[in-house]
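K.L.:
Sharing a structure here in structure tokens format.
The values are calculated or read from the model by the stated rules, or taken from the named source; none is laboratory data. Just so it is clear, the structure is predicted and the values come from calculations on it, not from any experiment. All Cβ positions, glycine included, derive from the backbone under ideal geometry; neighbour counts span all protein chains shown.
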Amino acid sequence: MHPALIPGTRVYGRQESDPVSSLINYQVFQWLEADATFWMHHVLIAAYTPDPQGRRTNEAKASVMGLSPAFFSRTLKRARLAIQELVEKRF
């Protein structure tokens, strides 16, 4: 499951929390609190929220959000790298 789709930290059917999922979930929602990372949160969530028809591209998602495709792409890349670095640093 991609970090943007983690609804919580508990894996269904298990009592203990997954530490990687918990860390990613916490970080993604922390981005919402800071001006510098506000768009990282929104772009990451938009990129990985399933389209009912399964056809919407990142360019279309950027357009719906009122963003340029270039900004959307750069921000998404920055968010993915930040998550990767966080996980590598902690685990």
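K.L.:
Consider TRP39 against the criteria (1) at pLDDT 90 or above; (2) loosely packed, with under 14 Cβ neighbours inside 10 Å; (3) among the aromatic types (Phe, Trp, Tyr): it satisfies all of them except one. Which criterion is unmet?
P.N.:
Checking TRP39 against (1) at pLDDT 90 or above; (2) loosely packed, with under 14 Cβ neighbours inside 10 Å; (3) among the aromatic types (Phe, Trp, Tyr), the one that fails is (2).
K.L.:
Here are some residues: ILE83, ILE24. Which one is surrounded by 18 or more Cβ atoms within 10 Å (Cβ to Cβ), part of a helix (DSSP H, G or I) and modelled with pLDDT under 90?
P.N.:
Matching residue, one of ILE83, ILE24: ILE24.
K.L.:
I'm told ALA34 meets every condition in (1) part of a helix (DSSP H, G or I); (2) over 13 Å from the mean Cα position of the chain (by Cα) except one. Can you identify the failing condition by its number?
P.N.:
(1)
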